[in-house]
Amino acid sequence: PGLPQELTTVRVQDPRVQNEGSWNSYVDYKIFLHTNSRAFTAKTSCVRRRYREFVWLRRQLQRNAGLVPVPELPGKSAFFVGSTDEFIERRRQGLQHFLER
């Protein structure tokens, strides 16, 4: 009877190491968004972003959030115990959680 509920799904996927073996290597992630919200003209979108762009986004949200708490990002650790793949997967999960919140 009423309007359908608006849904937005966001996924952080497909981490890729860029410039591997170089001193300036980094990991970027595919961010996939799907929505039925009328506020979005494109119903699906896909971009690649790296961790520092999430840091920028969080700062912008904090600047404009007022009293609303902004979720934390996963930590940035140069000294991770475990494999690089484990670190990348934990970070991917943390970024996913950040965007969902």
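The values are calculated or read from the model by the stated rules, or taken from the named source; none is laboratory data. None of the values given here were measured: they were computed from a predicted structure. Backbone-built Cβ (ideal geometry, glycine too); neighbour counts: all protein chains shown. Protein only, heavy atoms only, side chains kept; ligands, DNA and RNA dropped before computing areas. Shrake-Rupley method; radii C 1.70, N 1.55, O 1.52, S 1.80 Å.
From Val47, Val27, Val70, grab the single residue that is farther than 13 Å from Val12 by Cβ and either surrounded by 11 or more Cβ atoms within 10 Å (Cβ to Cβ) or of a type in the set (Ser, Thr, Tyr) (or both).
Every option except Val70 fails the conditions.
Can you tell me which residue is nearest to the chain's Cα centre (by Cα) among those in the range 1-45 that are farther than 18 Å from Leu99 by Cα, assigned to a loop (DSSP other than H, G, I, E, B) and of a type in the set (S, T, N, Q)?
Of everything passing the filter in the range 1-45, Ser25 is nearest to the chain's Cα centre (by Cα).
Determine which single condition Arg52 fails, assuming it passes every other condition in (1) at pLDDT 90 or above; (2) more than 19 Å from Arg11 (Cβ to Cβ); (3) surrounded by 14 or more Cβ atoms within 10 Å (Cβ to Cβ).
The single condition Arg52 does not satisfy is (3).
What tally of residues in the range 1-24 results from selecting those that are closer than 22 Å to Ala42 by Cα and either surrounded by 12 or more Cβ atoms within 10 Å (Cβ to Cβ) or modelled with pLDDT of 85 or more (or both)?
10
Looking at (1) touching a Gly at 6+ places or on another chain (Cβ under 9 Å); (2) in a helix (DSSP H, G or I); (3) free of Cβ contacts under 8 Å to residues at least 40 places away in the same chain, which is the only condition Arg91 fails?
(3)
Taking the criterion of being closer than 12 Å to Leu95 by Cα, at pLDDT 90 or above and either open to solvent by less than 80 Å² (accessible area, probe 1.4 Å) or among the β-branched types (Val, Ile, Thr) (or both), would at least one residue in the range 57-65 satisfy it?
yes
All but one of (1) open to solvent by less than 60 Å² (accessible area, probe 1.4 Å); (2) in contact (Cβ under 8 Å) with a residue 24 or more places away in the chain; (3) touching a Lys or Arg at 6+ places or on another chain (Cβ under 7 Å); (4) not β-branched (Val, Ile, Thr) hold for Phe98; which doesn't?
Phe98 satisfies all of (1) open to solvent by less than 60 Å² (accessible area, probe 1.4 Å); (2) in contact (Cβ under 8 Å) with a residue 24 or more places away in the chain; (3) touching a Lys or Arg at 6+ places or on another chain (Cβ under 7 Å); (4) not β-branched (Val, Ile, Thr) except (3).
Residue check, Phe80 against (1) modelled with pLDDT of 90 or more; (2) open to solvent by less than 70 Å² (accessible area, probe 1.4 Å); (3) in a loop (DSSP other than H, G, I, E, B), all met but one. Which one?
Of (1) modelled with pLDDT of 90 or more; (2) open to solvent by less than 70 Å² (accessible area, probe 1.4 Å); (3) in a loop (DSSP other than H, G, I, E, B), only one is false for Phe80: (1).
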